[in-house]
Structure formats: C-alpha cells, structure tokens
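**Q** One structure coming up, written as structure tokens, with questions to follow.
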Amino acid sequence: GSLSAGERLLVCGSSVPATGEPLLGSIENGPDAVRLLVESITVDIVGYGDVPYREGEPAPDVPAGLSLSRKPDGFDSDDNASDFVPAGPTPGLPNFFDRDLELAPGEAPLPCCGEPFAMGFRLVNRGLERFTGGVVISASAGAGSGEIAVDVDLAPSESKETAVELPYAPQESFVLRARIESAADENVRNDTASAPIGPSPGDLVVSEIMYRPMSGGSEWLEVASRAAVEISLARWRLSDATGTRRLVSEGGLSIEPGGHIVLAQDSALFVRDHPLCPARVAEPSGGWPWLNDGEEGDEVALYDPAGRVVERVRYTDLVGEERGRSIERFSTDVCSSFPGGLWHRSSSPAGSTPGVPNSTSLPAIPSPGTVEAAPNPFCPVRDGTVRIWGMTAAGETGLLVRIFDIDGVEVERLFGEEEGARVFGCEWDGRAAGGTESPTGLYICVVEFITRGGGVCRREKRCIALYR
C-alpha cells in the first residue's frame with residue numbers, strides 16, 4: 001500500500017488496518033523502542049525509558065492513559081527526548097493543533113443542598129500558537145445551568161483559572177458537565193469536562209475532632225453516618241489541609257446506619273483514654289495526617305473510592321491551651337460550609353463525646369438572636385437534662401450561659417465561648433457548680449452575648465422550671 005501526502009496510517013492491536021497483515025510483537029509499557037523500516041533500512045526509531053535503541057537521548061516513559069506524541073507533528077531532530085512529549089492520545093489526528101484550548105475541571109466543590117455554588121475550571125492552551133479571543137463556558141447540574149464569558153490571551157502551555165456560578169445543588173449526588181464554545185478552537189476533543197459532585201451534608205460527616213489531646217494521648221476524629229445503609233470504608237481516603245490523601249482502609253471497615261466510627265492516630269492510646277466509647281476505633285491504613293492545633297486550624301476531608309469529595313470541614317482553634325477537650329459539630333444535618341460555623345468546644349465534663357451524641361448537638365436550627373430551652377419544665381430523673389440552644393445575632397462574636405436561682409444567686413456557668421459557631425447548644429443537669437442537686441423551683445437561664453471587644457451587648461433570659 002501507499003500513503004498520500006498528509007495521510008496517516010493507524011497501527012493498533014495485532015494487525016495493520018490498511019492491509020490486515022499481522023503485526024508481529026507487542027509494544028511494552030516501557031522501557032521499549034519502536035523502529036520504522038523500509039525493507040531492511042531503518043528510517044526512524046523511537047526509544048522511551050532506559051533503552052539502548054534510540055535516537056539521541058530516549059523519550060520519557062509515560063503513565064497509563066497518555067501517549068508519546070511528536071511535537072510539533074512531522075519534526076525530527078534525531079533526538080527522541082527533544083521530539084516527543086507525554087500528551088493525550090489523538091489516534092488518526094494531528095498530535096498538536098495550532099489553536100487548541102483545553103477545558104479542565106478544578107477541585108470539585110462540596111456545595112450545600114439546594115444552595116447556589118461555583119465550579120472552578122482551568123483553561124489551558126494546548127496549541128502551538130498563542131490563543132487570543134473570547135470563550136464561553138457553559139455548565140449544567142441537574143436542571144440548573146450557568147455560563148460565563150471569558151477573554152483569553154494565553155501563550156502555549158499557559159493556563160487561566162475561572163469559575164461558573166450555578167443556581168443550586170441537587171439534593172442527591174450528581175455529575176456536573178461543562179463545555180467551551182470558541183470559533184477559534186481547532187480541536188473539539190478536549191472542549192468538555194465533567195466532575196462527580198456530592199452535596200453537603202452527605203452520607204458521612206465529620207462530627208467531632210480531637211486535635212489537642214492530653215499529653216501522651218492520641219489525636220482522633222469521629223465520623224457519623226447519615227445513611228440508611230451500611231457503608232464500607234474500603235478504599236476511602238482522608239486528607240488534611242496539605243491535600244495528601246491517605247487510605248482509610250484496605251477493606252473490612254464499615255459504618256452502620258446512623259452510627260459512628262472513630263479514626264485515631266493511635267487506636268491503643270485512644271482505647272486507653274476512652275474505654276467506654278461504643279464506636280469502632282481504627283487507624284487509617286495510609287497513616288495519620290497530623291491535625292494542626294495552631295490558631296489557623298486545619299481542614300479534614302473524606303473521599304469515596306471514586307475520588308469524589310464527600311466531606312470537607314475546616315476548623316480554627318477553640319480550646320486555647322487546654323488539652324483533652326474536643327470540638328463538636330452542633331448538627332450533622334447542616335451543610336459543612338454552614339455560614340455561621342460548625343464547631344463548639346465540647347461541654348462534656350469528660351472533655352469529649354466519642355461514639356455518642358455530641359454535648360453541643362441541637363434539636364433544631366434556631367433563628368438569629370433567639371434562645372430556646374426544652375424540655376421545660378424538666379425533671380432530671382425523667383429527662384436527664386434541659387437543653388438550651390440559640391443563635392447569635394449579627395456582630396456578636398461570643399456568649400456566656402449562666403443559671404441563677406430565683407433569688408439571683410448564680411448556680412452554674414454552663415457554657416462560654418468566643419469565635420465559635422453562631423449556633424450554640426448546651427445542657428444543664430439540674431446540679432449546682434459543686435455537683436449538688438438543685439431543689440425543685442424556678443431558675444433563670446441568662447445568655448450574655450458578647451461583641452468582638454469583649455463587652456456584653458445583649459442579654460436573653462429564659463425561666464426554667466425544675467422539679468424532682
């Protein structure tokens with residue numbers, strides 16, 4: 001057979017498609033070499049990896065899914081390292097185009113269910129020439145869609161970050177799909193992108209974090225399940241703010257519906273310090289991420305086996321110099337990027353609540369500026385505790401919750417915090433500060449709201465009836 005000028009011959013599998021003749025041998029993943037012969041004369045040779053058969057220096061070996069592509073097409077300097085680069089496969093097409101803009105998805109967001117969100121993208125000039133002009137990126141997620149017009153002026157290999165705003169995130173996991181539209185783009189094969197996205201809160205949420213344990217103790221975090229079925233954690237991954245994804249489990253680790261699991265830096269130390277914890281405790285197979293206990297805090301993220309981010313939370317230091325006190329999420333039913341924040345210092349006398357409901361959890365999400373108490377009246381024998389919860393108003397950065405008897409004598413200080421989540425919750429078990437039982441009667445719960453300067457700007461009072 002023969003090839004006309006500009007024509008290409010594609011050799012694949014075990015045959016030459018143009019003739020059907022068998023192709024003897026195979027192309028190894030590397031190192032290996034390919035020779036092109038006319039009769040017995042070598043016309044060209046490409047060696048990749050550490051091989052002696054090559055022109056000049058060998059081309060690099062490439063990971064699965066990429067090909068070695070001559071750049072630019074038809075250029076031969078007799079040096080494989082200079083002539084070939086790793087690139088996406090383009091069988092039967094030019095390896096590189098003069099004007100080629102690629103659309104690549106950024107890191108997938110974790111949007112709040114039903115709320116607007118932004119998806120980041122990266123525009124990359126994969127062409128041989130400078131790319132200048134207007135581009136439209138359109139994206140869709142469920143029934144919602146959005147688009148953005150972008151002015152592009154990129155030299156070869158340069159990139160530009162941008163984002164598309166979408167009106168809302170569907171209630172269930174979804175695939176976001178996007179494409180670019182540009183009359184100047186010569187290659188449409190890399191003009192689309194997609195990203196699997198799960199809204200928050202998802203099936204698994206981080207519900208408690210111990211980033212500053214007692215001296216000689218173990219860091220740990222608690223994961224709570226919101227799912228109706230058991231979830232295997234095989235091939236799930238855990239990361240901190242560094243972005244390094246560490247394997248949670250090779251297999252055999254799962255979390256029951258509505259249950260908890262504790263991931264610990266050292267499971268033996270955790271069990272020593274929390275012998276009554278009812279939840280399963282495990283050390284991540286890929287190692288511990290070392291949680292930052294500085295003022296700037298850290299990030300914790302969970303990824304499912306497909307690489308989709310299922311949970312991502314940030315925290316800042318709320319415990320100061322105190323050791324052995326965790327921070328607790330006030331609700332597993334709110335988005336992980338809840339505008340008012342998620343975390344409070346644990347109000348448990350033990351300093352933490354691994355494997356059981358958080359001491360700061362709430363029965364409902366309050367309105368800004370409100371304070372609630374329930375059950376009221378309450379009986380310690382029947383109810384255990386009375387729950388007090390509320391939400392700071394705009395401009396308020398802290399609060400203090402105190403209990404007084406009917407004569408105005410302070411009985412107990414339940415909760416005090418600055419710079420925590422705007423939503424707060426705590427419990428009173430009907431005892432005074434020294435542990436003695438308070439008698440039947442009326443008590444006044446006073447919540448003092450604090451501004452950034454430390455002054456009390458507002459007080460809310462609720463009458464609580466206690467009976468025994």
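The values are calculated or read from the model by the stated rules, or taken from the named source; none is laboratory data. Since the structure is predicted, the reported quantities are computational estimates derived from the model, not experimental observations. Cβ sites come from the backbone with ideal geometry, for glycine too, and all protein chains shown count toward neighbours.
**Q** Please report, ordered by residue number, the strands (runs of 3 or more DSSP E) entirely within segment 360-468 with at least 3 residues that are hydroxyl-bearing (Ser, Thr, Tyr). Don't jump to the end; show me each part of the working.
**A** On the way: elements: 371-374, 386-391, 396-405, 410-418, 423-428, 441-451, 456-466.
So the answer is none; nothing clears 3.
**Q** While we're on this one: For segment 374-416, enumerate the residues that are aliphatic (A, V, I, L, M) and surrounded by 16 or more Cβ atoms within 10 Å (Cβ to Cβ).
**A** We begin by selecting, within segment 374-416, every residue aliphatic (A, V, I, L, M); these are 374, 381, 386, 388, 391, 393-394, 399-401, 403, 406, 409, 411, 414.
Within segment 374-416, Val386, Ile388, Met391, Leu399, Leu400, Val401, Ile403, Val411, Leu414 meet the criteria.
So that you can scan it fast, the table gives a plain yes or no per residue for (1) assigned by TED's automatic domain parsing to the domain that holds Glu208; (2) surrounded by fewer than 18 Cβ atoms within 10 Å (Cβ to Cβ); (3) within 30 Å of Pro116 (Cβ to Cβ):
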| site | (1), (2), (3) |
| --- | --- |
| Pro289 | yes, no, no |
| Pro305 | yes, yes, yes |
| Phe330 | yes, no, yes |
| Gly355 | no, no, no |
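**Q** Pull out all pairs, ordered by first then second residue, where Cβ-Cβ is under 6 Å, the residues are six or more apart or on different chains, the first lies in segment 344-361 and is within 14 Å of Met214 (Cβ to Cβ), and the second is of a type in the set (Lys, Arg).
**A** Ser346/Arg325; Gly351/Arg325
**Q** Another question, then. Looking at (1) touching a residue at least 24 places away in the same chain (Cβ under 8 Å); (2) within 26 Å of Val206 (Cα to Cα), can you tell me which one Asp405 breaks?
**A** (2)
**Q** Of the conditions (1) over 17 Å from Val300 (Cα atoms); (2) among the β-branched types (Val, Ile, Thr); (3) assigned to a loop (DSSP other than H, G, I, E, B), Thr244 satisfies every one except a single condition; which number is it?
**A** (1)
**Q** Test each condition in (1) over 22 Å from Asn95 (Cβ atoms); (2) hydroxyl-bearing (Ser, Thr, Tyr); (3) at pLDDT 75 or above for Ser4 and report the one that comes out false.
**A** (1)
**Q** Restricting attention to segment 26-49, and to residues there that are assigned to a strand (DSSP E or B) and charged (D, E, K, R), which single residue is nearest to Phe96 (Cα to Cα)?
**A** Step one: of segment 26-49, the residues assigned to a strand (DSSP E or B) are 32-38, 41-48.
Filter again for charged (D, E, K, R), leaving 32, 35, 44.
Values: Asp32: 24, Arg35: 22, Asp44: 20 Å.
Within segment 26-49, the match that is nearest to Phe96 (Cα to Cα) is Asp44.
**Q** Okay, moving on. Output the residues belonging to segment 50-78 that are surrounded by 14 or more Cβ atoms within 10 Å (Cβ to Cβ), more than 36 Å from the chain's Cα centre (by Cα) and not in a strand (DSSP E or B).
**A** Within segment 50-78, Val51, Tyr53, Arg54, Glu55, Pro58, Lys71, Asp73 qualify.
**Q** Could you tell me whether any residue of segment 151-166 is surrounded by 16 or more Cβ atoms within 10 Å (Cβ to Cβ), among the basic types (Lys, Arg) and closer than 30 Å to Leu9 by Cβ?
**A** Taking every residue of segment 151-166 in turn, none turns out to be surrounded by 16 or more Cβ atoms within 10 Å (Cβ to Cβ), among the basic types (Lys, Arg) and closer than 30 Å to Leu9 by Cβ.
**Q** Still on this structure, I have one more. State yes or no: is Ala104 at pLDDT below 90, among the hydrophobic types (A, V, I, L, M, F, W, C), touching a strand residue (DSSP E or B) at 6+ places or on another chain (Cβ under 6 Å) and under 21 Å from Asp185 (Cβ atoms)?
**A** Numbers: at pLDDT below 90: no; among the hydrophobic types (A, V, I, L, M, F, W, C): yes; touching a strand residue (DSSP E or B) at 6+ places or on another chain (Cβ under 6 Å): yes; under 21 Å from Asp185 (Cβ atoms): yes.
Criteria not met by Ala104.
**Q** I'd like the full set of residues that are assigned to a loop (DSSP other than H, G, I, E, B) and out of contact with any Leu (no Cβ under 8 Å at 6 or more places or on another chain), limited to segment 113-133. Give the steps one after another, and end with the answer.
**A** First, pick out the residues of segment 113-133 that are assigned to a loop (DSSP other than H, G, I, E, B): 114-116, 126-130.
Gly114, Glu115, Leu128, Glu129 - these are the residues of segment 113-133 that are assigned to a loop (DSSP other than H, G, I, E, B) and out of contact with any Leu (no Cβ under 8 Å at 6 or more places or on another chain).
**Q** For Ile261, indicate whether it is under 21 Å from the mean Cα position of the chain (by Cα), of a type outside the set (S, T, N, Q) and within 22 Å of Phe330 (Cα to Cα). Steps first, please.
**A** Numbers: under 21 Å from the mean Cα position of the chain (by Cα): yes; of a type outside the set (S, T, N, Q): yes; within 22 Å of Phe330 (Cα to Cα): yes.
When the stated conditions are applied, Ile261 passes them.
**Q** Also: What pairs can you find where one residue is in segment 108-127 and on the phi > 0 side of the Ramachandran plot and among the hydrophobic types (A, V, I, L, M, F, W, C), the other is surrounded by fewer than 19 Cβ atoms within 10 Å (Cβ to Cβ) and in a strand (DSSP E or B), and their Cβ atoms are less than 7 Å apart, with a gap of 6+ or different chains?
**A** none
**Q** Scan segment 135-156 for residues that are under 28 Å from the mean Cα position of the chain (by Cα) and part of a loop (DSSP other than H, G, I, E, B) and jot them down.
**A** Correct list: Gly142, Ala143.
**Q** How many residues, within segment 314-328, are of a type in the set (Gly, Ala, Ser), surrounded by fewer than 20 Cβ atoms within 10 Å (Cβ to Cβ) and in contact with a strand residue (DSSP E or B) (Cβ under 6 Å, 6 or more places away or on another chain)? Break it down stepwise before answering.
**A** Filtering segment 314-328 for residues of a type in the set (Gly, Ala, Ser) gives 320, 324, 326.
Restricting the remaining residues to those that are surrounded by fewer than 20 Cβ atoms within 10 Å (Cβ to Cβ) gives 320, 324.
Right, trim to in contact with a strand residue (DSSP E or B) (Cβ under 6 Å, 6 or more places away or on another chain) and you get none.
Matching residues across segment 314-328 total 0.
**Q** Here is a further query. Which of the residues spanning segment 417-468 are over 16 Å from Ala374 (Cα atoms), among the small types (Gly, Ala, Ser), surrounded by 13 or more Cβ atoms within 10 Å (Cβ to Cβ) and out of contact with any Asp or Glu (no Cβ under 9 Å at 6 or more places or on another chain)?
**A** Gly420, Ala421, listed by residue number.
**Q** If we scan segment 177-197, do we find a residue that is part of a strand (DSSP E or B) and basic (Lys, Arg)?
**A** First, the residues of segment 177-197 that are part of a strand (DSSP E or B): 177-181, 192-197.
Then keep just the ones that are basic (Lys, Arg); that gives 177, 179.
Yes: segment 177-197 contains one or more residues that are part of a strand (DSSP E or B) and basic (Lys, Arg).
**Q** Could you tell me which of the residues Glu256, Glu311, Glu222 is surrounded by fewer than 17 Cβ atoms within 10 Å (Cβ to Cβ), in the same structural domain as Phe330 (by TED's automatic domain parsing) and of a type in the set (Asp, Glu)? Spell out the reasoning first.
**A** Details: Glu311 fails: surrounded by fewer than 17 Cβ atoms within 10 Å (Cβ to Cβ); Glu222 fails: surrounded by fewer than 17 Cβ atoms within 10 Å (Cβ to Cβ).
None of the others qualify; the one that does is Glu256.
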